[in-house]
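Worksheet: one structure, shown below.
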Amino acid sequence: MLNENAVSVLRDGLAAYGLTDGAAAEALGEYLERVLERNRVMNLTAITDPVEAVRLHLLDCAALVRQYDFAGKRVIDVGCGAGLPGMPVKLLVPSVSLTLLDATEKKIDFLRETASAMGLADVTCTAKRAEEAAELRERFDAAVSRAVAPLNILAELCLPFVRMGGVFCAMKAKSAGEELRAASRAIPTLGGRVRECAEYTIPGTDVTHCAVWIEKTAPTPSGYPRRYAKIKQKPL
Ligand code: SAM
């Protein structure tokens with residue numbers, strides 16, 4: 001069980017976002033408990049203090065649902081690790097059809113087990129590298145990703161998954177300006193256009209982050225994504 005303090009930080013933080021669904025708060029708490037429990041035997045997160053994890057994982061990711069209407073959307077979380085931000089989005093907006101994608105099989109096994117134990121419908125867990133998941137191309141209304149790669153590389157991993165008219169959201173530190181500049185050629189080349197960099201402060205902290213929202217305005221040319229070695233060696 002999350003301790004009382006962590007539960008109240010979670011409830012207060014969600015309320016600060018205007019999210020008052022008690023069942024969702026409970027589900028988020030259960031999910032985090034499972035992450036912290038499994039973290040004892042495998043590497044899922046460096047944050048082990050429950051209150052810090054509530055703030056820097058759950059409340060950080062919960063910020064997204066205030067910025068975009070996820071209801072009924074097909075969403076892919078690219079490089080989801082322990083399920084962040086995809087799981088908090090799904091638990092707050094249960095009508096989301098969620099695909100969790102990560103290159104590490106053990107993390108995906110944990111998520112499959114967790115989704116099943118929590119009785120979550122419409123969650124697909126896929127152990128694959130993003131650049132090797134061609135079958136998922138242009139299948140999603142939204143791709144989300146946190147702490148996976150710099151934006152110029154991340155855009156090549158994520159934008160191919162998004163249908164025309166959909167969005168890609170990259171969760172970044174406040175100082176996303178430099179990454180945006182470095183990706184100023186990559187994003188349009190891949191069919192994207194930056195809509196906004198939405199700053200938010202995580203409730204109960206002075207931590208400000210930025211969600212970069214990129215619209216898919218043109219199809220991604222068929223040569224992308226390239227092999228990872230190529231992407232890293234020669235980012236667009
Ligand atoms: N998104 C999670 C979070 O915010 O806590 C996990 C971040 S973790 C630092 C980065 C994750 O990205 C790892 O789990 C790694 O396996 C995954 N990853 C890195 N490159 C990837 C790729 N090309 N395709 C799929 N997963 C990738």
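The values are calculated or read from the model by the stated rules, or taken from the named source; none is laboratory data. All values reported here derive from a predicted model rather than from experimental measurement. Backbone-built Cβ (ideal geometry, glycine too); neighbour counts: all protein chains shown. Note: accessible area is taken over every heavy atom of the protein model, side chains too, but ligands, DNA and RNA are not part of it. Shrake-Rupley method; radii C 1.70, N 1.55, O 1.52, S 1.80 Å.
Share of the stretch 8-136's accessible area from carbon and sulfur, percent, 1.4 Å?
On the way: 2510 of 5380 Å².
Carbon and sulfur atoms account for 47 percent of the accessible area of the stretch 8-136.
Which value at 222 nm does the chain reach when only helices count, each DSSP H run of 4 or more adding -39,500 (n - 2.57), with the total divided by all residues and rounded to the nearest 500 deg cm²/dmol? Please list the in-between numbers first.
Working: 9 runs with 78 residues, N = 236.
Counting only the DSSP helices, I get -9000 deg cm²/dmol.
7 Å from Cα along Cα→Cβ at both A182 and M118: what's the point-to-point distance in nm?
Going by the 7 Å Cα→Cβ label model, 3.2 nm.
What is the local net charge at C210, summed over the other residues whose Cβ is closer than 12 Å to its Cβ (Lys, Arg +1; Asp, Glu -1)? It would help to have the intermediate numbers written out before the result.
Details: positive: R146, K172, K174; negative: D60, E178, E179, E196, E199.
My count for the surroundings of C210 gives -2.
List, in order, the whole-Hz ³J(HN,Hα) value for each residue of the stretch 113-121 obtained from phi through the Karplus relation with A = 6.51, B = -1.76, C = 1.60 and θ = phi - 60°; use x for Gly and Pro.
4, 5, 4, 5, 4, 8, x, 7, 8
Above 15 angstrom, tally the Cα pairs of the stretch 157-200 and express them as a % of all pairs, no decimals. Walk me through the numbers before you get to the answer.
Working: 406 of 946 pairs.
The answer is 43 percent, as a whole percent.
Tell me, what is the 1.4 Å probe accessible area of I47, in Å² to the nearest 10?
Here the residue's solvent-accessible area equals roughly 40 Å².
Against the longest alpha carbon principal axis of the chain, how many degrees, from 0 to 90 and to the nearest 10, is the axis of helix 22-38 turned?
It works out to around 80 degrees.
Carbon and sulfur atoms: what percent of the 1.4 Å accessible area of the stretch 151-231 do they account for?
Values: 1740 of 3460 Å².
Using a 1.4 Å probe with all protein chains present, the stretch 151-231 comes out at 50 percent carbon and sulfur.
For the stretch 81-220, what is the accessible area per residue in Å² when the probe is 1.4 Å? Can you show the working numbers first?
Details: 5480 Å² over 140 residues.
I get 39 Å² per residue for the stretch 81-220.
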